[in-house]
Amino acid sequence: MSETTSTRDHVPSKVLLDRPLPVNVHVVEICGECNNGFSANEEYFAAFLGATMSGSVEPVPEMFESARRALFGNSKLAAEISRSAETYVDEDGVQRLIWRPELERIEKVVVKNARGHAHYELGQPCFGQPEHVLLQPLITAPEKWITEFLLVDHGNAWPEVGSRLLQRLYSGEDMAAGWIIVQPGVYVFTVFENDGIVVRSIIREYLLTEVRWS
């Protein structure tokens, strides 16, 4: 894929954040082909996340704003997400819901954000397809795995002089334990080089993501 097909966009996607937007939502060059149709995918991602977190496609007040707005304003989308829900009975005999996402649509948004984070923090353009994309709800993740996920390992990699990541590591600005805080409890991410470029994010303390390029 050629760099000439790039376009400009916000990372992380504004639809995943609360208003007012924080100052560290950046505008970067991303792959133009990958950006096609992003608005619909981002709307779907926000709506699906809001539905799974609240347990309903009804735009209830406790749902975050962009999810509530998407479900309220797009009845077709709400019906689509509603059909993806299945009921089951847990080990305590309680009836619960499980949601089946269109993973390809969510992955496109996650990868777009990861490309933007890698480019902004490291100055590294990641135009090829990643070798690995992980989407893991926090509630279903094993505790040991979560501990390993939260550990940021920069290994022997030395960020480029002048890179934003090096400035953050030096100053500690908007950072905690190697994680860059965009909005507390809403969106945090980390970028590091360890046998490739790794970008992880935690979205609304519900979804853990990892994207890796060799």
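Taken together, the values in this text are just the output of simple stated rules run on the coordinates, not laboratory data. From a predicted model like this one, the values you see are computed outputs, not experimental measurements. When we count neighbours, we look across all protein chains shown, and the Cβ atoms used for this are built from the backbone with ideal geometry, even at glycine.
Per-structure values
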quantity: Straight-distance crosslink candidates among lysines, where the alpha carbon sits under 18 Å from K14 and sequence neighbours closer than 8 are dropped; calculated: K108, K112
quantity: Likely footprinting exposure, H26, H119, fewest C-beta neighbours within 10 Å first; calculated: H26, H119
quantity: Chain lengthening between S75 and W145 when straightened (0.36 nm per residue, less Cα-Cα); calculated: 21.5 nm
quantity: Neighbour-count order for L49, L207, fewest beta carbons within 10 angstrom listed first; calculated: L207, L49
quantity: C-alpha center-to-center spacing [the stretch 179-200, the stretch 56-83] in angstrom; calculated: 28 Å
quantity: Measure of compaction for the stretch 50-125 (Cα Rg per 2.2 N^0.38 Å); calculated: 1.42
quantity: Burial ordering of R200, R212, R83, fewest other beta-carbon atoms within 10 Å first; calculated: R83, R212, R200
